[in-house]
Amino acid sequence: MKFQISLILILLFTFTFVSAGLAKDRFKETREIFNWHCSQCHGPLGNGKGINNNKRLPVSPRDLTDGSDMSQFSNEDMVRTITKGGPSNDLSPIMPSWGNTLSKEDINNLVLFIRHLCNCKFDPKLKQKRLEQEGKVKP
Amino acid sequence: MKIKTTFFSLIIIICLVLVSETRTNSEGETIKQRNNEIIEMKHHENQLLSLGCTNCHTFQGPSKKVPLRERKKIKGPNLWIAGNKYQKKYLETWLQKPTPVRGVIWGTMIKGIFKHPSLSAQKAKAISSILVDFKDPKIKNGTVPKWGKIPRRILRRARILFQKKTPCYSCHKVYIRKTVYRTPIKVGGESAPSFVNAGERLNPDFIYYFLKNPKRYNPNGRMPVFGDKAFHVLSETDMVALSTYIMSFK
């Protein structure tokens, strides 16, 4: 009986360590993808101060570290904006579509990475407020 | 009777000999041509090697997709399509006075200027004539028609695409006339090559094929892939319009 319990415990430990290692690898990979593609405009820290951000741009890139601003978008919204571009979510077309360059897995991981950056969760009330302000939904 | 048969047989033998000789001659000529080509290629390679171009550039393609971690090891762009991409005059002048095309050091996001070694006028001429020969057979000349005066409908289409639908100027630096300002103003980012003198630098067919198949011509780049069937971002006429519009920047 003792032997069985110890075996199960060892198996559990190894599984947790392996999964944690894999998650770390995935996190590193997504950070590299972010640094390569997204940091041109959103900045390496995600604060919207990339190299391409200047006064002549009609819309400045979004600050991804601002939790109060980012919580108006659900994960599905973010996946849609990344794959199909800004206009798919009524945002600026300066955000291009990355669906042809990045895989679906990468995009899902990127959304999780952005959630880690802003340290926030989706708030449906904020989204409703924004839509009301823009006149897309009647209060 | 005997004389006739011997005469005919002689004629046949002479004909056979002649045919075989012509064959050997043609084969010999082709072998000679190949040898000459190989000698020329080796000469070109030696010239490129002696100047140290091969330290940073590669001349064989299409280049493979490299994982993101290993992209820092790539020192310079692959020039296997230099003949399709650049104009000869531009290459000559650029090699004498190399000025960077983007505000970022190549392959990084660090602001700054990388100093490319400059060449004398003679060497620049020789190297540009070598570089022009590097061509991709899949790129056909004349796919983008050369208009004397670009039609209005194409300019309008390209302007809407370039400025509104897929704003290229968010990364590419360019002079454009915007509605608010009367004179053209400088807009654009630093991370991508500037289009300020694109008409003097690039070829229109290359821009068309680059937009059509970026995974072949730039698999390790930062630019998003347009023109895939999945999202219908760019149609063929759009790509023709865009390449003519980009070529109009001078």
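Throughout, read-outs are computed from the coordinates displayed, never taken from laboratory work. Just so it is clear, the structure is predicted and the values come from calculations on it, not from any experiment. We place every Cβ from the backbone using ideal geometry, glycine too, and count neighbours over all the protein chains shown.
Couple of notes before you dig in:
- The number of residues in the stretch B:99-122 that are closer than 20 Å to B:Thr54 by Cα and basic (Lys, Arg) comes to 1.
- So B:Arg222, is it out of contact with any Pro (no Cβ under 7 Å at 6 or more places or on another chain), closer than 14 Å to B:Phe249 by Cα and not polar (S, T, N, Q): no
- In the set (1) surrounded by 17 or more Cβ atoms within 10 Å (Cβ to Cβ); (2) of a type outside the set (Phe, Trp, Tyr); (3) assigned to a helix (DSSP H, G or I), the condition left unmet by A:His116 is number (1).
- A:Ile107 vs. criteria closer than 30 Å to A:Lys28 by Cβ, within 12 Å of chain B (Cβ to nearest Cβ) and among the β-branched types (Val, Ile, Thr): no
- The lone exception for A:Ser39 - which of (1) closer than 17 Å to B:Cys168 by Cα; (2) of a type outside the set (Lys, Arg); (3) in a loop (DSSP other than H, G, I, E, B); (4) at the interface with another protein chain (Cβ under 8 Å from one of its Cβ atoms) it fails: (3)
- Residues in the stretch B:58-91 that are farther than 19 Å from B:Ala192 by Cα and free of Cβ contacts under 8 Å to residues at least 24 places away in the same chain were compared, and the one that is farthest from the chain's Cα centre (by Cα) is B:Arg69.
- Going through (1) without any contact (Cβ under 8 Å) to a residue 40 or more places away in the chain; (2) within 23 Å of B:Tyr90 (Cα to Cα); (3) facing chain A (nearest Cβ under 9 Å); (4) surrounded by 15 or more Cβ atoms within 10 Å (Cβ to Cβ) one by one, B:His172 falls short only on (3).
- Flag for B:Leu155 being within 14 Å of chain A (Cβ to nearest Cβ) and closer than 30 Å to A:Asn52 by Cβ: no
- Residues considered: A:Leu64, A:Leu45. Of these, the only one that is assigned to a loop (DSSP other than H, G, I, E, B), more than 14 Å from chain B (Cβ to nearest Cβ) and under 15 Å from the mean Cα position of the chain (by Cα) is A:Leu64.
- For the residues B:Leu202, B:Leu155, the requirement of being among the aliphatic types (A, V, I, L, M) and surrounded by 20 or more Cβ atoms within 10 Å (Cβ to Cβ) singles out B:Leu202.
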